[in-house]
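Contents: one structure, followed by commentary.
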Amino acid sequence: MTNEKNEFIHEERNGLKFRPVLHALTSNPGIEMMSYAAGRENMITLAQGEGDSPTPDFISNAAFEAMKNGKTIYGPTLGQTPLREAISNYYKNIYKINVPASRIFITASGSTAMHLSLAALVDKGDEVVAVTPIWKNLLGAVELTQATTRQVSLNHSDEKGWTLDLEALFAACTEKTKVILVVSPSNPTGWTATHEEMKKILEFARKRGIWVLADEVYSRLVFESKHEHLRADSFLDVAESDDLLLVVNSFSKTWSMTGWRLGWIVGPPEAEEKIRDVALYNNLCPPTFTQYGAIAALEQGEPFLKSQIDLWRSNRDLLVNHFKTRENVHMAYPEATFYGFFKVEGQPDCKALTKRFVDEANVLLSPGCAFGKTARGYIRMCFAVSERRLIEALDRMDKILKS
Ligand SMILES: Cc1ncc(COP(=O)(O)O)c(C=O)c1O
C-alpha cells in the first residue's frame with residue numbers, strides 16, 4: 001500500500017499479509033506475565049508446566065546411541081515402528097489395554113498431536129465444546145482452525161473441589177459441534193474425569209456422531225489410583241476401537257522430557273491414513289533419534305517416574321498444609337498433576353495479583369484468566385520443583401498473602 005506521495009506504508013502492508021485469524025487471536029495472559037518478569041534477577045519461576053529435574057541419563061544415552069548409529073535421517077511419517085510398538089506394550093503393561101501399534105501415531109510433541117488432531121477434525125464454523133478451566137494453548141490451537149470454542153466450566157466448591165456437570169456439557173453441544181475436548185487430569189485444576197463420566201461422554205458422543213478429543217498428557221501424574229500402576233482412568237478404558245476418539249499424550253511431563261518435543265495420538269484404525277496425510281504436510285515425520293530415547297523412557301522409566309511422583313506428592317501435601325493456615329487462600333485439593341490452583345480472598349484481579357507476586361516477592365506464577373472465561377481470579381502455581389525452592393517461594397509469597 002502507498003500513501004499520496006506514492007511511498008510504501010510498511011505497517012499497513014505487513015498487516016494485510018497475515019491471515020485475519022492471527023489478528024483476532026485472544027491475548028495470552030500467561031505469556032504476558034512471563035514477558036513482564038523476563039530478565040529480573042533471583043526470580044523463582046513456578047509458571048511453567050515442568051519440573052526442575054533433567055531428563056534421566058538412561059533416556060539421553062539411548063538417544064545419543066541412536067544418533068551415533070545413523071538415526072539422523074527422515075523416518076516414517078507416523079513414527080518409528082519400534083516406538084509405536086513400545087507404546088502398544090506400555091498400554092498393555094501399565095494400562096492393561098490392548099491398542100495395536102497401527103493405532104498409535106507419533107508426533108513432535110503433545111501440542112503437535114493436538115494441532116494435527118484438530119486439523120484433521122474441524123473446519124471454520126465448526127464448534128469445539130471444551131471443558132474448562134483449560135490450558136490456554138489448547139484454546140489457541142482451536143482459534144487457529146477458525147472453529148469456535150464453547151467453554152463449559154467445571155464447578156468449584158470448597159467441599160467437593162472441581163466437578164463436571166455432564167448435563168451442562170451435553171446441553172452445550174449443538175448441530176455444529178464436531179468435537180468435545182476434555183483434558184483429564186486437568187491443567188490447571190487437577191480435576192480428573194471418572195470412569196463413569198468418561199463412559200457417559202463417549203455414549204453421548206457416539207449417539208451424536210461427535211468426536212471426543214481427550215488430552216491425557218497428565219495421565220500418570222496422579223497420587224492415588226485404583227489401578228495396579230499409578231495412572232488416571234483413560235478414555236481408552238471405556239472406548240470401542242471404532243469410536244470417534246483421539247487420545248493425545250506426551251513424553252514431556254512423565255519423563256522430564258519437555259524440551260524433546262515428542263508425543264503421540266491413539267485413534268481408531270481409520271484415522272491412520274488421515275492423520276498421516278495431515279502429519280506429512282505438517283512436519284513430514286517426528287525427529288528420528290529422539291524416538292529411541294522415548295523407547296528407553298517407556299521400557300525403563302517406572303523407577304524414575306516413581307521418584308518424581310514421591311517428590312510431587314510430598315510437595316503437594318506441603319502446599320495444601322501451608323495454604324490451610326492462610327484463611328484468605330482457597331485451593332481445591334490437587335488430586336493430580338503438579339499444579340496448585342488457588343484464589344485469594346479480596347483479590348479478584350489475578351493479573352494484578354500475579355504482578356504483585358513478581359514485583360514484591362520475586363515469584364512468577366500464572367494468572368487464572370489464561371485458562372478460560374471462568375478461571376478469572378485464580379492463580380496457578382507449579383509445584384514440580386525441589387522442596388527447598390517451593391518453601392522459599394511460599395515464604396516470599398507470604399508477605400503478600402498476609403497483607
Ligand atoms: C494439557 C496439556 N496438554 C498438552 C501439553 C503440551 O505437551 P507437550 O510438551 O508435549 O507439547 C501441555 C503442556 O503444558 C498441557 O498442559
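Go through the residues of region 137-147 one by one and say whether even a single one is more than 20 Å from residue 27 (Cβ to Cβ) and more than 16 Å from the ligand (Cβ to nearest atom). No, that holds for no residue.
All but one of (1) farther than 27 Å from residue 287 by Cα; (2) out of contact with any Ser or Thr (no Cβ under 8 Å at 6 or more places or on another chain); (3) of a type in the set (Lys, Arg) hold for residue 150; which doesn't? Of the numbered conditions (1) farther than 27 Å from residue 287 by Cα; (2) out of contact with any Ser or Thr (no Cβ under 8 Å at 6 or more places or on another chain); (3) of a type in the set (Lys, Arg), the odd one out for residue 150 is (2). Cβ-Cβ contacts under 8 Å between residues 6 or more apart (or on different chains), taken from a first residue in region 13-30 that is closer than 22 Å to residue 124 by Cβ to a second residue that is at pLDDT below 90 and part of a helix (DSSP H, G or I), are listed as 23/15.
Entry remark, region 10-55: residues being of a type in the set (A, V, I, L, M, F, W, C), within 16 Å of the ligand (Cβ to nearest atom) and either at pLDDT below 90 or more than 26 Å from residue 337 (Cα to Cα) (or both) number 0 in total. Scanning region 356-385 for residues that are modelled with pLDDT under 95 and of a type in the set (S, T, N, Q) turns up just one, 374. Looking for something more than 16 Å from residue 250 (Cα to Cα), of a type in the set (D, E, K, R), touching a helix residue (DSSP H, G or I) at 6+ places or on another chain (Cβ under 8 Å) and within 16 Å of the ligand (Cβ to nearest atom) - is there at least one such residue anywhere in region 115-124? No: zero hits. Can you confirm whether region 237-252 contains a residue that is surrounded by fewer than 22 Cβ atoms within 10 Å (Cβ to Cβ), in a helix (DSSP H, G or I) and not charged (D, E, K, R)? Yes, region 237-252 has at least one match.
Among residues of region 206-220 that are closer than 30 Å to residue 312 by Cα and more than 9 Å from the ligand (Cβ to nearest atom), those with a beta-carbon under 8 Å from a residue that is of a type in the set (Ser, Thr, Tyr) and in a helix (DSSP H, G or I) at least six positions away or on a different chain give the pairs 213/117.
Scanning region 152-176 for residues that are buried (at least 16 other Cβ atoms within 10 Å of the Cβ), at pLDDT 95 or above and more than 21 Å from residue 244 (Cβ to Cβ) returns 153, 154, 162.
Taking region 181-227 as the range and being among the hydrophobic types (A, V, I, L, M, F, W, C), crowded, with 23+ Cβ neighbours inside 10 Å and over 17 Å from residue 131 (Cα atoms) as the test, only 221 passes. Scanning region 148-163 for residues that are outside any strand (DSSP E or B) and within 16 Å of the ligand (Cβ to nearest atom) yields one hit, 154.
Here is a yes/no grid of residues against (1) part of a helix (DSSP H, G or I); (2) surrounded by 15 or more Cβ atoms within 10 Å (Cβ to Cβ); (3) charged (D, E, K, R):
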{"position": "254", "(1), (2), (3)": "no, yes, no"}
{"position": "264", "(1), (2), (3)": "no, yes, no"}
{"position": "269", "(1), (2), (3)": "no, no, no"}
{"position": "277", "(1), (2), (3)": "yes, no, yes"}
{"position": "280", "(1), (2), (3)": "yes, no, no"}
{"position": "287", "(1), (2), (3)": "no, yes, no"}
{"position": "306", "(1), (2), (3)": "yes, no, yes"}
{"position": "311", "(1), (2), (3)": "yes, yes, no"}
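Of all residues in region 129-180, those that are closer than 21 Å to residue 19 by Cα, touching a strand residue (DSSP E or B) at 6+ places or on another chain (Cβ under 8 Å) and not polar (S, T, N, Q) total 5.
The values are calculated or read from the model by the stated rules, or taken from the named source; none is laboratory data. Computed from a predicted model, the values in this text were never measured in an experiment. In this analysis, Cβ positions are derived from the backbone assuming ideal geometry, glycine residues included, and neighbour counts consider all displayed protein chains.
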